[in-house]
Amino acid sequence: MKHIVILGDGMADLPSLKLEHLTPLQKAHTPNMDRLAQLGRSGLFHTVPASLHPGSEVANMAVMGYDVENLYEGRGVLEAASIGVNLEENDLAFRCNLITLEDGIIHNHSAGHIESEESGVLIDYLNEHLADERVAFHKGVSYRHLLVIKGGNKHIHCTPPHDVPGAKEKDHLPYALNESIESKETAALVADLIQKSQSLLASHPINIQRKENGKATASSIWPWSPGYKPQMPTLKEAYQVQKSAVISAVDLIQGIGIYAGMEVIKVEGATGLWNTNFEGKRDAAIEALKSCDYVYLHIEAPDEAGHEGDVKQKIGAIEDIDKKVVGPILDYALEQKDIAVALLPDHPTPWEIKTHTRDAVPFVIYHPKNPKDQVESYSEEAASKGAYGEIEKIEFMKLLLNLK
Ligand SMILES: [Zn+2]
């Protein structure tokens with residue numbers, strides 16, 4: 001058997017008064033998603049355990065069958081994999097943002113979405129002055145970079161900068177989560193790097209130029225989400241999936257794929273936005289199914305629309321996924337007869353809230369060998385009546401692979 005997961009990031013939502021009490025999934029015209037629901041079995045999946053934040057990386061790892069409560073090690077390590085940085089044991093990796101911080105106030109988490117050409121020069125500059133045998137910065141994309149501290153202690157608290165725009169820097173500096181000398185030392189080292197980065201960055205020509213042009217400056221580093229290289233088994237080790245592939249525009253998802261031992265397939269024009277190359281991603285997924293037992297097709301567009309609070313774009317993204325992705329892939333699977341097809345989001349991104357929630361998500365699995373249930377359409381409400389009921393932890397992967 002072969003298996004494909006079609007994941008519409010943030011697709012689930014809440015009923016809204018402004019949509020006649022419907023969700024975007026209910027409001028959208030989705031004949032192919034409904035056809036899939038009629039052929040398969042539905043349910044609700046609690047992708048995010050209570051102990052973790054409802055981030056895409058956590059939820060997507062759960063969909064892939066990983067025990068996130070024990071294996072999740074933060075964003076830094078996943079991004080390290082996606083940019084090709086090999087972590088050694090005891091290397092503590094942080095996501096390291098370049099942020100705008102002036103007069104002690106955190107203005108934004110992204111240095112005005114600084115371009116990679118400029119941010120790369122700044123990261124090189126910080127390395128020249130701050131890197132030593134323990135500390136190294138690695139270049140990523142735009143404002144998203146990596147800090148690695150050899151022998152760092154992960155029991156420190158760091159604040160995600162996007163959670164605290166307008167807040168005072170001094171209220172959100174890293175601190176030790178226990179009384180150990182090691183965690184206090186790491187927290188003090190990170191706080192010191194933040195301070196030193198500010199004096200270095202303030203006088204850099206790129207920032208002087210940005211200020212002159214009225215752009216947000218990259219005036220500080222902001223490390224967060226610390227962790228060690230995850231002890232993740234590959235999908236082959238955990239589930240005997242011989243060959244697998246992931247298709248996603250998002251570096252975090254690609255990073256999970258690398259630890260999972262999946263081939264990372266890059267598709268031209270895959271942007272992560274609603275203008276993404278849906279057809280290109282679909283064709284790459286169908287091509288991958290010819291040689292892989294498991295294909296993970298991740299589409300970011302509905303999540304982006306949800307964060308923007310743009311319900312029209314969200315419904316449009318869902319309809320695009322239905323028509324350009326789900327329909328052709330389902331047709332191909334029915335023709336081949338040995339392909340199981342699953343559809344789900346990782347978490348809801350309700351457009352009226354503009355951020356992720358931890359509610360259970362609707363899922364459907366069509367498995368040629370399994371009987372269908374009574375569900376006739378694909379939505380949050382329809383899936384709540386499905387034969388699979390409510391599931392959690394690694395159960396989705398087991399159902400998809402027909403292991404239980
Ligand atoms: Zn997500």
Return the only residue of Ala305, Ala270 being at pLDDT below 95, part of a loop (DSSP other than H, G, I, E, B), in the same structural domain as Pro31 (by TED's automatic domain parsing) and touching a Lys or Arg at 6+ places or on another chain (Cβ under 9 Å). Ala270
Considering only residues that are more than 15 Å from Ile353 (Cβ to Cβ) and within 16 Å of the ligand (Cβ to nearest atom), which ones fall in the stretch 298-312? His298, Ile299, Glu300, Ala301
Which numbered condition Glu335 misses (of (1) free of Cβ contacts under 8 Å to residues at least 60 places away in the same chain; (2) closer than 26 Å to Glu308 by Cβ): (2)
How many residues of the stretch 280-297 are in contact with a Gly (Cβ under 6 Å, 6 or more places away or on another chain) and either within 16 Å of the ligand (Cβ to nearest atom) or acidic (Asp, Glu) (or both)? The answer is 0
Does Gly43 qualify as being away from the ligand (no atom under 16 Å from the Cβ) and of a type outside the set (A, V, I, L, M, F, W, C)? yes
Restricting to the stretch 315-341, count the residues that are more than 22 Å from His21 (Cα to Cα) and either within 16 Å of the ligand (Cβ to nearest atom) or part of a helix (DSSP H, G or I) (or both). 16
What number of residues within the stretch 332-380 are on the phi > 0 side of the Ramachandran plot and at pLDDT below 95? 1
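Just checking, how many residues over the stretch 354-376 are within 14 Å of the ligand (Cβ to nearest atom) and either closer than 16 Å to Ala37 by Cβ or surrounded by fewer than 20 Cβ atoms within 10 Å (Cβ to Cβ) (or both)?
Narrowing the stretch 354-376 to residues within 14 Å of the ligand (Cβ to nearest atom): 354-359, 361.
Imposing the further condition that a residue be either closer than 16 Å to Ala37 by Cβ or surrounded by fewer than 20 Cβ atoms within 10 Å (Cβ to Cβ) (or both) reduces the set to 354-355, 357-359, 361.
Looking only at that region, the number is 6.
Working carefully through the options Ala111, Ala28, Ala37, find the one that is in contact (Cβ under 8 Å) with a residue 24 or more places away in the chain, over 30 Å from Val364 (Cβ atoms) and either away from the ligand (no atom under 16 Å from the Cβ) or surrounded by fewer than 24 Cβ atoms within 10 Å (Cβ to Cβ) (or both).
None of the others qualify; the one that does is Ala111.
The values are calculated or read from the model by the stated rules, or taken from the named source; none is laboratory data. Quick caveat, the model's predicted, so the values are computed rather than measured. Cβ atoms come from the backbone with ideal geometry, glycine included; neighbour counts cover every protein chain shown.
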